[in-house]
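Participant: Below you will find the structure I want to go over with you.
What follows draws every value from the coordinates through simple rules; no lab data is involved. The shown structure was predicted, so the numbers you read here are calculated from the model rather than taken from an experiment. Cβ: placed from backbone, ideal geometry, glycine included. Neighbour counts: every protein chain shown.
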Amino acid sequence: MWFWLALGSAVFAALTSILAKVGIEGVGSNLATAIRTMVVVVMAWGMVFVTHQENGIRLISQKSWIFLILSGLATGISWLCYYKALQIGDASKVVPVDKLSVVITLVLAFVFLHEEFTTKSVIGCILIGAGTLMMVL
């Protein structure tokens, strides 16, 4: 199931990039990010209520709160950078660079989460990096 959800994420992320590139024309990148964020907030809280998870908010630990807030800040900064880059650059170049997050995530997961870094993942990181470089040049 995780694979299909991840694939759905990739498809919708691709749509996000194309729709945003068209929609951001003539709109400030920060304003565009704020509009996008409001839509995401409404959708996310809607899903909380549809799935009856609203009572779980009282059960969240302090550690989880801290890391969820930090993750939210990282997401916000990422979106602000992404929309500005998308506004001034070609989507076909901005998106591959943005996807270097895969390589960065693998490295950070190894360093901070002590996840396994295999030969396969090293080769994958090199190929993603080389592919990104080829697409951007």
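Participant: Taking amide H positions as placed 1.01 Å from N in the peptide plane, with prolines and chain starts having none, which residues 5 or more places from PHE117, or on another chain, fall under 5 Å of its amide H?
Facilitator: Residues meeting the amide H criterion: none.
Participant: LEU73 to THR118: FRET efficiency via 1/(1 + (r/R0)^6), r the Cβ-Cβ distance, R0 41 Å, to the nearest 0.05?
Facilitator: Computed FRET efficiency for LEU73 and THR118 comes out at 0.85.
Participant: Among LEU31, LEU100, rank each residue by its count of other Cβ atoms within 10 Å, from fewest to most, as a rough exposure measure.
Facilitator: So the ranking, lowest neighbour count to highest, is LEU31, LEU100.
Participant: Ignoring everything except DSSP H segments at least 4 long, calculate the 222 nm mean residue ellipticity for the chain; use -39,500 (n - 2.57) per segment, divide by total residues, nearest 500.
Facilitator: So the helix-based figure for the chain works out to -27000 deg cm²/dmol.
Participant: Let me ask something else about it. Run the count for the stretch 14-137, please: Lys pairs, Cα-Cα under 29 angstrom, 8 or more apart or on different chains.
Facilitator: 8
Participant: For the chain, return all DSSP H helices satisfying: extent of Cα atoms along own axis at least 20 Å; mean Kyte-Doolittle hydropathy at least 0.0.
Facilitator: Sorted by number, the helices that extend far enough and score high enough are 2-23, 29-50, 62-88, 119-136.
Participant: Can you work out the FRET efficiency for the pair VAL40 and SER61, with r the C-beta to C-beta distance and R0 = 30 Å, to the nearest 0.05?
Facilitator: Approximately 0.80, to the nearest 0.05.
Participant: For the chain, modelled as a GNM with alpha-carbon contacts under 10 angstrom, which of GLY56, GLY72, GLY89 fluctuates the most?
Facilitator: Highest fluctuation of the listed residues: GLY56.
Participant: I want to verify a result. In a Gaussian network model of the chain, Cα cutoff 10 Å, which of these has the top mean-square fluctuation: ILE18, ILE123, ILE57?
Facilitator: Taking springs between Cα atoms under 10 Å, the residue moving most is ILE57.
Participant: Tally Lys/Arg at +1 and Asp/Glu at -1 over every other residue whose Cβ is under 14 Å from the Cβ of VAL122; what's the total?
Facilitator: Combined, the nearby Lys, Arg, Asp and Glu give -1.
Participant: Further question on the same structure: What is the spin-label model distance, in nm, from ILE126 to SER9 if the labels are put 7 Å beyond Cα along the C-beta direction?
Facilitator: 2.7 nm
Participant: Specify whether the C-alpha gyration tensor of the stretch 2-90 places it in the rounded, prolate or oblate class, a ≥ b ≥ c being the square roots of the eigenvalues: rounded for a/c under 1.5, otherwise prolate if a/b is larger than b/c and oblate if not.
Facilitator: prolate
Participant: To continue, here is another question. With each pseudo-label sitting 7 Å past Cα toward Cβ, what's the PHE49-MET134 distance in nm, one decimal?
Facilitator: Each label point is offset 7 Å from its Cα along the Cβ direction, giving 4.9 nm.
Participant: Compute the length gained on full extension between LEU108 and ALA91: take 0.36 nm times their separation in residues and subtract their Cα-Cα distance, giving the result in nm to one decimal.
Facilitator: Gain on extension, LEU108 to ALA91, equals 3.5 nm.
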